[in-house]
Amino acid sequence: MSATSRLGWTLLAAGPNALWSLATGARRRALVLAYHRCLGGAETFVAPDQGYVTAAQLERQLRFVLKRRRPLLFGELATRADDGPYVAVTFDDGYRDVFDVARPILARLGVPATLFVASDAVSGRAWLWWDRLYRVLARGVGQEFELAGRVWRLEDDRAVGRAYRALLAELKRSEARDQTIATVERRLGDAGVAPGNLYLGWPEVRELKRDGWEIGAHGQNHQILTALPARDARADVAAGADDIACYVGERPRVFAYPNGRPGDFDAATAEFLRAEGFVAAATMVGGFARADRDPFRVRRLVPKGWDAAGVFALQTSGLYYKLKGS
């Protein structure tokens, strides 16, 4: 984001946003915040363009929303009849910095949180696929590889970034994504080792549970459910829930749709989530949490560390999404 656009967002948040909030009653609407990573400065691996905030940004954003909203766990907020006003804090995937960096901030502020676990990553069985893709490309600087008739040349970090973004978009809904990444690993001479300390382990997840966190499901291998045959989608959901029940001791009741954009979930996915015992599901569609009054289509705000400071205030009022036409 350019300095000019940053200034524009900040000025917009300083004046018109307050009037919009007052006129629309936005301050009384329920919010769910969707985070992924919370960086403390010591991280050695961060895939580009993935959702993250810094520790300072997380604390500033939480203090801002706590001025007017009472914090609840996601499952409580999603199934209540009233809007409160409430706020729920959620983290997707299961990165270790959520435990090391975000957890102390939330504890200090007295905020409960929900963690949606991608169980293959937390079990140490596999990388989250975008991390695996970025790892092999970043380690392949100076090499080239052929894929589906196209030659990718990784001359420098910028070329790595271009390749990563292009393949990220191409593989997101591909049933062959894991096989494709394995092909890239072979062609770049990478062993494709299992992740180290990037993700939480089950002992940390259990500790979060003891701290009062809600542990939800995010699939076993972060598959976009509508991109899979119905039987495979149900199997992925069930396997992820089974992992949580086994290692945490309680079956999850809430779910976050992998990717979570329009088209990544539908009435059929909601139906088999209900059949698995889930009571609510979170999307990545931006806006007020209970706009649709459907506990299986809960909207969330997605703060990003590279946004101008004023953007978060605009997101919490809904004006941000109005201006974007979403």
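The values are calculated or read from the model by the stated rules, or taken from the named source; none is laboratory data. Predicted, not measured: the structure shown is a model, and the values here were computed from it. With ideal geometry, Cβ positions are generated from the backbone for all residues, glycine too; neighbour counts draw on all protein chains shown.
Tabulated data
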item	result
The one condition in (1) free of Cβ contacts under 8 Å to residues at least 12 places away in the same chain; (2) within 24 Å of ARG231 (Cβ to Cβ) that ASP292 fails to fulfil	(2)
When residues of region 227-282 are limited to those that are touching a helix residue (DSSP H, G or I) at 6+ places or on another chain (Cβ under 7 Å) and among the aromatic types (Phe, Trp, Tyr), the one nearest to GLY216 (Cα to Cα)	PHE255
Spans of strands (runs of 3 or more DSSP E) in region 96-175 with at least 2 residues without any contact (Cβ under 8 Å) to a residue 24 or more places away in the chain	150-153
Test: residue in region 295-310 that is part of a helix (DSSP H, G or I), of a type outside the set (Asp, Glu) and surrounded by 18 or more Cβ atoms within 10 Å (Cβ to Cβ)	yes
Matching option when the condition is of a type in the set (A, V, I, L, M, F, W, C) and in the same structural domain as GLY94 (by TED's automatic domain parsing), among ILE181, ILE224	ILE224
Total residues in region 183-225, condition among the aromatic types (Phe, Trp, Tyr) and part of a loop (DSSP other than H, G, I, E, B)	1
Every residue from region 289-309 that is closer than 29 Å to GLU250 by Cα and of a type in the set (A, V, I, L, M, F, W, C)	ALA289, PHE296, VAL298, LEU301, VAL302
Selected residue [on the phi < 0 side of the Ramachandran plot, among the charged types (D, E, K, R) and either loosely packed, with under 12 Cβ neighbours inside 10 Å or modelled with pLDDT under 95 (or both)] from GLU204, GLU175, GLU214	GLU175
Test: LEU133 is buried (at least 21 other Cβ atoms within 10 Å of the Cβ) and within 29 Å of ARG158 (Cβ to Cβ)	yes
Filtered residues of region 247-285 (kept if surrounded by fewer than 17 Cβ atoms within 10 Å (Cβ to Cβ) and part of a loop (DSSP other than H, G, I, E, B))	GLY249, GLU250, ARG251, ARG261, PRO262, GLY263, ASP266, GLY277, VAL279
